[in-house]
Amino acid sequence: MDLRPPLNEAERVRSQEDLYRYVLDAAGLLKEPKVLEVGCGLGMGCVVALREYGPAAVTGMDIHPEQLQRARDAHAGLLREEPGRLRFVQGAAEHMPLEDGEFDAVISVEAAQHFPDIVAFAAETSRVLRPGGRAAVASFFTVDDAPGRPEELAGLLDTYANGLDIARPVKALVDAFAAAGLTGGRVESIGPHVWPGWDRWLSRWWAPGTWPRNFLRAYERRILDYYVVTAVRPG
């Protein structure tokens, strides 16, 4: 994407959809998979999966009932047209109200930084995946576990200061997946493709040095980065 002109809403949506495609590709979907999105928000990822990846079924799960209602309202037509292939359910990443081995893929996009217990999330992901199923998580994490990282981020970004985002190293998710029995853990930084465009979008409303634009600053200072983390349930 050309970042020189101001970004508009259509370009912002396109970039979000592209991120979902990247994550869905990383999940290595088989033919007619059953897909779960954890922290589905408004359901954009579910719709991209449904329209473009030929799944047997897509489930969007979110802890917030108001988000789920927005998703249901936004995609009411698809829910009517595809009653057996699209659903939205309420549940926490640490306590998924779903069956053992129900899914071929579990994805999560820009939600894991909120999960209070990443170990429980990994365990639940392993539980709901079928043998051979894959997890693919995209979110931002600290680049390492050096002392003082939480304080550094709290000084730069309000969401870390107020606890909405949790400062943890990307290795914490990799280790949690391994402890849950998932194998082949892989970490990929996609920060160069995320942070400059995100900052360009924020520049429409926020001046340099204000808290949301400090995401780019945290990335440039090698405190924070954006990653895609994948792992497989053996079998």
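The values are calculated or read from the model by the stated rules, or taken from the named source; none is laboratory data. Computed from a predicted structure; not experimentally measured. Backbone-built Cβ (ideal geometry, glycine too); neighbour counts: all protein chains shown. SASA here: full protein model, heavy atoms, side chains in, ligands and nucleic acids out. Shrake-Rupley method; radii C 1.70, N 1.55, O 1.52, S 1.80 Å.
Observations on the model:
- Relative packing of 61-69, 101-109, 30-38, which averages over residues the other C-beta atoms within 10 Å, highest first: 101-109, 30-38, 61-69
- Shown in residue order for the stretch 181-190 are the 3J(HN,Hα) couplings computed by the Karplus curve 6.51 cos²θ - 1.76 cosθ + 1.60 at θ = phi - 60°: x, 7, 10, x, x, 9, 10, 10, 7, 10 Hz (x for Gly and Pro).
- Percent of Cα pairs exceeding the 23 Å cut-off, where the set is the stretch 73-187: 39
- Relative contact order, percent, the chain [alpha-carbon distance under 8 Å, six or more residues apart]: 20
- Within the chain, percent of DSSP bridges classed antiparallel, to nearest 5: 45
- For the chain, convex hull of alpha carbons as volume per residue, Å³: 122
- Comparing Cα centroids, the stretch 200-235 and the stretch 62-78 end up 26 angstrom apart.
- Quick note on the stretch 167-221: its Rg to Rh ratio, both from C-alpha atoms and Rh being the Kirkwood radius, is 1.15.
- For the stretch 158-235, the set of chymotrypsin sites (Phe, Trp or Tyr not before Pro) satisfying both a DSSP loop assignment and a count of at most 13 other C-beta atoms within 10 Å is given as 205.
- Derived scalar couplings ³J(HN,Hα) [the stretch 204-209; Karplus, 6.51 cos²θ - 1.76 cosθ + 1.60; whole Hz; x for Gly, Pro]: 5, 10, 10, 7, x, x
- Derived scalar couplings ³J(HN,Hα) [the stretch 26-36; Karplus, 6.51 cos²θ - 1.76 cosθ + 1.60; whole Hz; x for Gly, Pro]: 5, 6, x, 5, 7, 5, 6, x, 9, 10, 10
- Per residue, the accessible area of the chain comes to 47 Å², computed with a 1.4 Å probe over protein heavy atoms only.
- Projecting the Cα positions of 132, 41, 195 onto the charge dipole of the chain (unit charges on Cβ atoms of Lys, Arg, Asp and Glu, taken about the Cα centre) puts 195 furthest along the positive direction.
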